[in-house]
Amino acid sequence: MRQNLLRANSDLLRYPIREVVEIGKQLEKLGHFSMIWENIGDPITAGESVPDWIKGIVNDTAASSAAFAYTDSRGDIKARKYVLEHFSNEKVCTIDDILFFNGLGEAINKILNHLPKETRVLVPSPTYPSHATAEAMHAGCNFISYQLDPENNWEPNLEEIENKVRYNEQIVAILVINPNNPTGSVYRKETLEKIVAIAKKYDCFLIFDEIYHHMTFEGVENTLLHEIIGDVPGISMKGISKDIPWPGSRCGWIEIYNSENDQNFRDYIKMLLLAKMLEVCSTTLPQKILPTIYSHPKFEALLSQRIKKYEQRAEEAYTFFSKIPQVRINKPRGVFYLVVELLDLPYSQLDAKTKSIRILLNKLEKQTMQEDFQFSYELMGSEGICVVPLSGFGSHLNGFRMTLLQNDDAVFSETLEKIGRSITNYYGEQA
Ligand SMILES: Cc1ncc(COP(=O)(O)O)c(C=O)c1O
């Protein structure tokens with residue numbers, strides 16, 4: 001090749017939620033077993049069935065000619081109207097402030113990539129890896145973060161946010177994921193209000209990833225950005241991947257708030273729209289379907305039945321892991337994930353299912369890796385369970401994230417048993 005095809009810092013491009021799968025697939029083959037995939041937040045892959053009424057709407061809409069056409073670059077007008085009236089707030093947002101994307105993944109990348117290289121977005125740690133990776137790739141160095149505190153229900157460290165924003169003029173935006181992936185926390189209103197106040201004080205804009213806004217457990221109140229943003233410029237991110245659930249639709253949107261309050265922010269938003277125009281529009285079919293599914297009389301019941309199941313799973317997992325002395329755990333208040341912190345985690349090994357697995361694991365473990373990556377590989381090779389190491393979410397803490405999605409009660413309990421046994425064996429003598 002005439003030139004190097006790799007960008008400088010290309011090693012920053014990471015997505016551990018799927019990277020562990022590559023290793024998992026190899027281990028499956030070597031051990032002749034089927035892995036339990038606890039790595040990805042996809043309800044359908046985890047066994048949830050799609051109700052016939054949803055399939056019927058998709059079939060009927062797909063059969064209409066309109067589903068074959070482009071939409072407006074911002075998105076289908078009826079979908080945007082529905083979003084504005086049901087999920088957003090006409091006090092801070094208009095129909096033209098809603099932009100549809102091919103999944104939030106695309107929106108995340110566009111939002112970060114269209115900022116100047118020298119600006120930074122402060123992201124949480126742990127975080128959903130797409131945000132951290134997009135931040136790092138855009139800046140060409142490691143992402144910049146604030147800690148979520150496991151000793152305080154994974155709430156954001158407000159003092160750290162304020163200090164980082166105050167002393168680093170490059171920071172132009174603060175990212176909040178609420179309800180949170182990976183921790184399952186749902187932040188207190190006062191916490192969020194304080195973050196809005198910091199953004200206002202230091203002239204930053206806010207990015208709230210609210211893709212799990214429907215997913216809170218019984219009695220837990222969720223505060224949305226549009227309820228507290230006041231006159232600060234901001235972006236809320238939402239989508240249909242988790243709550244319909246239809247992750248394969250690749251359909252998400254952003255709601256832009258208060259863009260008229262800051263000329264510079266408005267010009268930046270114009271860039272996002274132009275970038276979308278360059279691609280013409282996002283996929284039409286899921287946008288056409290969106291209002292019909294959300295307003296269907298059976299939608300609410302479907303959602304609450306799913307959330308109830310996740311809450312039961314959270315309860316069972318919390319009770320189970322609380323008995324293991326080497327772990328720290330916070331009970332999720334929403335979403336369908338659980339983070340299990342592994343305290344003072346050593347490098348160790350488990351009893352691999354086959355000799356070929358042992359050989360591969362030994363080879364992998366010769367490379368430098370964080371302790372919790374080694375634990376995850378060993379868990380796959382011994383018990384056939386794939387979880388995502390907590391350090392893969394941009395955390396300095398060791399642990400893992402599993403999902404609460406498993407549809408089969410017995411398989412879920414058995415998965416907990418196997419993970420629990422592995423933790424005890426992994427710590428071995430130190431236990
Ligand atoms: C917090 C968060 N944001 C964004 C996404 C991406 O969603 P989408 O399927 O719309 O790309 C996910 C997916 O897991 C997520 O957990």
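Nothing in this text is a laboratory measurement; each read-out follows from the coordinates by a stated rule. What you see is a predicted model; the values in this text were computed from it and never measured. Note: ideal-geometry Cβ built from the backbone for every residue, glycine included; neighbour counts use all protein chains shown.
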Q: Sort 280-292, 358-370 for me by packing, meaning the mean count of neighbouring Cβ atoms within 10 Å per residue, highest on top.
A: 280-292, 358-370
(Q) Test of understanding: in a Gaussian network model of the chain with alpha carbons linked when under 10 Å, which of 46, 173, 69 would top the mean-square fluctuation ranking? (A) 69
Q: Round to the nearest 10 and give me the degree value, 0 to 90, for the angle of helix 409-427's Cα axis relative to the longest principal axis of the chain.
A: 60 degrees
Q: Using a Förster distance of 35 angstrom, determine the FRET efficiency expected from the C-beta separation of residue 203 and residue 78, and round it to 0.05.
A: 0.45
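Where a ≥ b ≥ c are the square roots of the eigenvalues of the C-alpha gyration tensor, would you call region 75-220 rounded, which needs a/c under 1.5, or, failing that, prolate if a/b is larger than b/c, or oblate?
Cα axes put region 75-220 in the oblate bin.
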Q.
I'd like the distance separating the alpha-carbon centroids of region 245-278 and region 1-62, in whole Å.
A. 26 Å
Q) Expressed in nm to one decimal, what extension gain is obtained for the pair residue 86 and residue 301 from 0.36 nm per residue of sequence separation less their Cα-Cα distance? A) 75.7 nm
(Q) Let's test the formula: R0 of 41 Å, r as the Cβ-Cβ distance of residue 343 and residue 7. What FRET efficiency results, to the nearest 0.05? (A) 0.65
Q: Grab the DSSP H runs of the chain that are 4 residues or longer, score each as -39,500 (n - 2.57), total them, divide by all residues and round the 222 nm result to the nearest 500 deg cm²/dmol.
A: -13000 deg cm²/dmol
Q. Rounded to the nearest 20 Debye, what is the dipole magnitude of the chain about its Cα centre when Lys and Arg each give +1 and Asp and Glu each give -1 at the C-beta?
A. 1020 debye
**Q.** Euclidean distance between Cα centres, region 363-413 to region 155-204, Å
**A.** 28 Å
(Q) Give me the one-decimal nm value for the distance between modelled label points at residue 95 and residue 280, 7 Å along each residue's Cα-to-Cβ direction. (A) 2.3 nm
Q | Length gained when the stretch residue 163-residue 396 is fully extended (0.36 nm per residue, less Cα-Cα span) | A | 81.9 nm
Q | Added length on full extension, which subtracts the Cα-Cα distance from 0.36 nm per residue, residue 66 to residue 26 | A | 10.1 nm
